[in-house]
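The values are calculated or read from the model by the stated rules, or taken from the named source; none is laboratory data. None of the values given here were measured: they were computed from a predicted structure. Cβ sites come from the backbone with ideal geometry, for glycine too, and all protein chains shown count toward neighbours.
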Protein chains: 2
Amino acid sequence: MAQAKYNQIFQTLRGRIESGAYGFLELLPSENTLAEEFKCTRNTVRKALALLVAQGYVQTMQGRGIQVISRPRATSTFLVGGIESLQEAAARNQVPLSTHMISLEEGVVDAEMAMASGMTEGAEIISVKRLRLLDDVPLIVDTSYFLTSVVPQLTQQIVESSIYAYLEEVLGVRVASATRRITVERATDEDRRLIHLEGMDCVVVVSSVTFDSAGVLFEYTRSRHSPVDFAFQDTAHRLPAER
Amino acid sequence: MAQAKYNQIFQTLRGRIESGAYGFLELLPSENTLAEEFKCTRNTVRKALALLVAQGYVQTMQGRGIQVISRPRATSTFLVGGIESLQEAAARNQVPLSTHMISLEEGVVDAEMAMASGMTEGAEIISVKRLRLLDDVPLIVDTSYFLTSVVPQLTQQIVESSIYAYLEEVLGVRVASATRRITVERATDEDRRLIHLEGMDCVVVVSSVTFDSAGVLFEYTRSRHSPVDFAFQDTAHRLPAER
DNA sequence: CAGTGGTCTAGACCACGGA
DNA sequence: CCGTGGTCTAGACCACTGA
């Protein structure tokens, strides 16, 4: 199976929503109708619908139908649900991205980092600090820590092109999940020196912990974003569990 | 069926993770084993596991098993995945919350709000502006707009206790989904006057659009949060779709 | 009442990981 | 090779909505 059938259905339906074929607040065809169209069972259609629901495209209503609740994308957003490297987000929004390496060194996980990330204290890591420029404007400084057992070495060339492409294509590391935490902190002198803050005195800090498909917590990254152009979007649902 | 079986299983497993019975980085029993334990089919167990995955508790690994990737909650967080009113979040974190009403008036949706929220221009709305104090510290100012067709009227008493409790218990409105967008803006004079910023000059703006179970977009809210103690967390997954 | 989505079962086959 | 999770089918019954 090249692509799971439910995934194809998901992408087809998503396309119809984004193109406006199924408009804002309209109802989709019923699950039975969709099952006929895609020549599969209702269960498979339901898996595709579950993805649409999770990503905020539609809302299901028992006894009524499935309603479109998203409008064609209005403004660009850099961080949305899903795992997307800054590279990918920049490409999607058609904004040129460049990266300057600030430092690259080896070390071990100290107690504080172990507490914050869940990495094992004392594990060997390689740390990279980078400045990211979007449309030639320096907006993000991030510091990443990789387990050397998963990422044995990095070079300036890799770091300034795409670490993720290197991880996936050369090392065969597959990212499985990332947990992110967003907070706001006062800008440091370094922030002010490095990134474009338009005079504001705080930065958005996105801390993320990443696991690979083998279940290893191999990356911990702290990104300091300029508030300028920062946006994050998600959709939540009331589950029966929460009643 | 009082509670869906998969939901009970989800809650049981989540409890075992939060209590540490299934520890960080450990593997859960296999799906077949869990199906036996809960006397159901593998499909039902899988629905429960899907919830745990979506909420960042575990990660599944084909051929290997299901690994715990969350640690017992370290620090408190106000905004997490899921729909939770500030009331509920404050209760969960055992922080006293109080609310002062600043204004309450009627109006209609103008072009700008229609564009931002998706509400129909010209629809009648009731708008409420409130100041929220956590632990007696004023941290949030929010302005909410409700369709009068769904929420015909509000009183100061309702607004200062809990609008959501009123919606659910009195009006029978059930919230189905909420899409939120987080950005950072420069603090206004009003922000500085009303909320505790510790000298910082920006605020976190959370805009949310809410649908009820009948599929009506009935609420649009903009909350301006002090950066102090603001945190938002979510977990993302690499889907086959994104490869 | 018919049609919709929500839950659950039973069973099949596949892809992957590790011993 | 066996056990794991991933996909899919076929069919049943329930709860809810709206005409």
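Summary of computed values
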quantity	calculated
Candidate set: the range B:179-220, residues that are within 10 Å of chain A (Cβ to nearest Cβ), under 22 Å from B:VAL159 (Cα atoms) and in contact with a helix residue (DSSP H, G or I) (Cβ under 8 Å, 6 or more places away or on another chain); chosen: the one surrounded by the most Cβ atoms within 10 Å (Cβ to Cβ)	B:VAL209
Hits in the range A:40-50 - residues which are in a helix (DSSP H, G or I), within 14 Å of another protein chain (Cβ to nearest Cβ) and within 12 Å of DNA strand D (Cβ to nearest atom)	A:ARG42, A:ASN43, A:THR44, A:ARG46, A:LYS47, A:ALA48, A:ALA50
Residues of the range A:20-39 classified as touching a residue at least 40 places away in the same chain (Cβ under 8 Å), away from DNA strand D (no atom under 15 Å from the Cβ) and loosely packed, with under 15 Cβ neighbours inside 10 Å, total	3
Single residue of the range B:13-28 satisfying the filter (closer than 23 Å to B:ARG238 by Cα and of a type in the set (D, E, K, R)) that is farthest from the chain's Cα centre (by Cα)	B:GLU26
Some residue of the range A:102-109 being at pLDDT 95 or above, assigned to a loop (DSSP other than H, G, I, E, B) and of a type outside the set (Gly, Ala, Ser)	yes
Hits in the range B:215-243 (condition: within 16 Å of DNA strand C (Cβ to nearest atom) and within 19 Å of the chain's Cα centre (by Cα))	B:GLY215
Residues of the range A:112-130 that turn out to be within 14 Å of chain B (Cβ to nearest Cβ) and on the phi < 0 side of the Ramachandran plot, as a count	10
Among residues of the range B:29-49, those that are closer than 19 Å to B:THR235 by Cα and more than 11 Å from DNA strand C (Cβ to nearest atom), counted	1
Positions within the range B:164-178 being at the interface with another protein chain (Cβ under 9 Å from one of its Cβ atoms) and not hydrophobic (A, V, I, L, M, F, W, C), in sequence order	B:ARG174, B:SER177
Test: residue in the range A:221-232 that is at the interface with another protein chain (Cβ under 7 Å from one of its Cβ atoms), within 16 Å of DNA strand D (Cβ to nearest atom) and not in a loop (DSSP other than H, G, I, E, B)	no
Residue list for the range A:1-28, filter: part of a loop (DSSP other than H, G, I, E, B) and either within 14 Å of DNA strand C (Cβ to nearest atom) or aromatic (Phe, Trp, Tyr) (or both)	A:MET1, A:ALA2, A:GLN3, A:ALA4, A:TYR22, A:PHE24, A:GLU26, A:LEU28
Test: residue in the range B:201-211 that is more than 18 Å from A:ALA54 (Cα to Cα), of a type in the set (D, E, K, R) and without any contact (Cβ under 8 Å) to a residue 24 or more places away in the chain	yes
Single match in B:VAL159, B:VAL204, B:VAL173, B:VAL209 (criterion: in contact with a His (Cβ under 7 Å, 6 or more places away or on another chain) and either assigned by the TED database to the domain that holds B:ARG132 or more than 17 Å from B:GLN87 (Cα to Cα) (or both))	B:VAL204
Out of B:ALA48, B:ALA35, B:ALA2, sole residue that is at pLDDT below 95 and not β-branched (Val, Ile, Thr)	B:ALA2
Boolean, B:LEU133 is more than 14 Å from chain A (Cβ to nearest Cβ), over 19 Å from the mean Cα position of the chain (by Cα) and within 25 Å of B:VAL228 (Cβ to Cβ)	no
